[in-house]
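One structure is given below, encoded as structure tokens.
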Amino acid sequence: MKKGLLFIISGPAGSGKGTVVNSLIKNHPELSLSVSATTRAPRAGEIDGVHYHFISKDEFEKLIEKGEVLEHTTYCENYYGTLKREVLKANKAGRDIILEIEVDGAMQVKKKVRGAVTIMLTPPDADSLERRLRGRATETDEVIKWRLNRAKEEIKLIGNYDYSVVNNDGEADKCAELIYDIIKAEHQKTKYTKSIAEKFI
Ligand code: 5GP
């Protein structure tokens, strides 16, 4: 069975990661997307168990205590975390798993999971970042400003990532395919393919 690898995609607010990750999963359904747990309230159209596992602060803290969370962070005064069971499920099935998480969590996973591959998605420039964030009518000005600053701080950490990909306006599908190329290339690393040499003994 093929070995499933773990890929972390961090897309600061305004990077358009939602659209890119949707395109990636839609066009390559063999990839598993980890459903995170969060204490933030669902946005319009978000479904429990599909977009996130929406849980209370108490429930989240219990999961941490029981050691069921691979990584977690606080973002905009809410907890977000990856459940170990999501990763184990994909691993058992030999499937690649995609974690769509922010930088703090990404670095925690990179330390814990050998071979985890990190990819940062960015908007093309500061103007598009601000325009994209302000276009999201569901949030207050205070939250938008907070997300904008946080996005800029996250992008500064790009050097801690293995790969980075720019998401230009209207090119989400192209960007998703570039990420898929990275996924394919990782599988060709000799640490996973060297057994081919046995056929030549
Ligand atoms: P949003 O509220 O916009 O859905 O997500 C806010 C931020 O939390 C995004 O940067 C998203 O990537 C990140 N995030 C979502 N799930 C997780 C998670 O399980 N762990 C961590 N560390 N970050 C997450």
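Is at least one residue of the stretch 61-75 under 12 Å from the mean Cα position of the chain (by Cα) and touching a residue at least 60 places away in the same chain (Cβ under 8 Å)? No, the stretch 61-75 contains no residue that is under 12 Å from the mean Cα position of the chain (by Cα) and touching a residue at least 60 places away in the same chain (Cβ under 8 Å). Taken as a whole, the condition of being open to solvent by 60 Å² or more (accessible area, probe 1.4 Å), assigned to a helix (DSSP H, G or I), of a type outside the set (Lys, Arg) and out of contact with any helix residue (DSSP H, G or I) (no Cβ under 6 Å at 6 or more places or on another chain) does not apply to Ile64. Evaluating Ile98 against the criteria (1) part of a strand (DSSP E or B); (2) over 17 Å from Tyr180 (Cα atoms) leaves one unmet condition, (2). When the stretch 84-93 is limited to residues that are in contact (Cβ under 8 Å) with a residue 60 or more places away in the chain and either open to solvent by less than 10 Å² (accessible area, probe 1.4 Å) or in a helix (DSSP H, G or I) (or both), the one that is nearest to the ligand (Cβ to nearest atom) turns out to be Val87. Taken over the stretch 1-49, the criterion of being under 14 Å from the mean Cα position of the chain (by Cα) and charged (D, E, K, R) is satisfied by Lys17 alone. What number of residues within the stretch 161-201 are under 19 Å from the mean Cα position of the chain (by Cα) and of a type in the set (D, E, K, R)? Of the residues in that region, 8 qualify. Going by the structure shown, is Lys110 crowded, with 19+ Cβ neighbours inside 10 Å, assigned to a helix (DSSP H, G or I), in contact (Cβ under 8 Å) with a residue 24 or more places away in the chain and within 16 Å of the ligand (Cβ to nearest atom)? So Lys110 passes the test.
Being crowded, with 19+ Cβ neighbours inside 10 Å, hydrophobic (A, V, I, L, M, F, W, C) and modelled with pLDDT of 95 or more is the requirement here; does Leu70 meet it? Steps first, answer last, please.
On the way: crowded, with 19+ Cβ neighbours inside 10 Å: yes; hydrophobic (A, V, I, L, M, F, W, C): yes; modelled with pLDDT of 95 or more: yes.
Criteria met by Leu70.
The values are calculated or read from the model by the stated rules, or taken from the named source; none is laboratory data. All of these numbers come straight from a predicted model, not from anything done at the bench. No Cβ is skipped: glycine too gets one built from the backbone with ideal geometry, and neighbour counts run over all protein chains shown. Heads up: the accessible areas ignore ligands, DNA and RNA and are worked out on the full protein's heavy atoms, side chains in. Shrake-Rupley method; radii C 1.70, N 1.55, O 1.52, S 1.80 Å.
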